[in-house]
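The numbers here are math on the coordinates, done by the rules we state, and not lab data. Please read these numbers as outputs of a predicted model, since none were measured by experiment. Cβ sites come from the backbone with ideal geometry, for glycine too, and all protein chains shown count toward neighbours.
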Amino acid sequence: MWGGGWIGAMGALDFAGGTVVHVSSGAAALAAAIMFGKRIGYGREPMAPHFLPYSVIGASLLWVGWFGFNAGSAVAANGLASTAFVTTNTATAAAVLGWVFIEWIVRGKPTVLGAASGAVAGLVAITPAAGFVTPMAAIVIGLGGGIFCFFAVNLRPKLGYDDSLDVVGVHGVGGTWGALATGLFATTAVNSAGRDGLFYGNPEQLWIQFLAVAATWAFSFVGTMIILVVLKAIMGLRVSPEKEAGGLDLGEHGEEAYSGFQMAHGYGTPEHGTRLTDE
């Protein structure tokens, strides 16, 4: 896309990494979910976020940090960087509303975790389009990202794969929507170095974006499968069921996040390989 290959040569647009980062990671995550299999207890035991306030803090830090590479992809402090900054913020806010309201309609209640997930979905969706679209288009892209990613995440249990961080549903689907939406809403009025999209008289751009997305999905999925097959043959991919049940902090690193909790549940003992300290 950015390195002089055929995808960039045919005119595909990706301002800050929709295909390069998000579609590729979504495809790789799907391959990994298939190869690793499901976590112990998945679908039978509750697996809520460890600590919801940390999830919100993390999403908030992402929202701020995302300005760095979206606006920073202008590689200058100029009008284009300002546009990318504004479209990023606008799309993200719209995605929060899109996710929360569709969640409210479908499930009867809006959730804070849904708002945080919607924010990430909006950040992902606007990434390829940030420097090519107007703020009004960013609203549509953000709303679409929140809604499409909500349904993609909720479709995961029915499809039967275990993606603990919903990389497929948020990054894969959100990145795909954002890349295609770039082919709809891009305009040279925002970025003369770009191309007009479907709604500005150039339907070919949508086809080019589709080809770029399809190629990225195929390349990343197949490449990741090959890598994981080799690793599985050489060293295996999963820890033992005992280590998984006890937690990877203890099983792989001999460390405890909450020593009182671990001791109360029988994990903070020498036989679990943990380092006991005076603390």
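Just a few scattered comments:
- Prolate/oblate/rounded label for the stretch 6-234 (Cα gyration tensor, a/c 1.5): oblate
- For the peptides 156-162, 203-209, 32-38, the ranking by mean Cβ contacts within 10 Å, running from highest to lowest, is 203-209, 32-38, 156-162.
- Using a Förster distance of 22 Å, the FRET efficiency for TRP2-SER82 (Cβ separation, nearest 0.05): 0.50
- Extension gain, ASN154 back to TYR258 (0.36 nm per residue minus Cα-Cα distance, nm): 34.3 nm
- Spacing of the modelled spin labels on PHE69 and ILE57, each 7 Å from Cα toward Cβ, amounts to 2.3 nm.
- Cut-off 11 Å between beta-carbons: net charge of the residues surrounding LYS243, Lys and Arg +1, Asp and Glu -1: -3
- Segment MET235-ALA9, extension gain: residue separation times 0.36 nm, minus the distance between their alpha carbons: 77.4 nm
- For the chain, a simple Cβ point-charge model (Lys and Arg +1, Asp and Glu -1, everything else neutral) yields a dipole of about 680 debye relative to the Cα centre.
- Residue-span extension gain [SER164 to LYS38] - 0.36 nm each, minus C-alpha spacing: 44.4 nm
- The stretch 194-221 and the stretch 1-78 have Cα centres lying 19 Å from one another.
- Value of [θ]222 nm, deg cm²/dmol, for the chain, DSSP H segments ≥ 4, -39500 (n - 2.57) each, nearest 500: -20000 deg cm²/dmol
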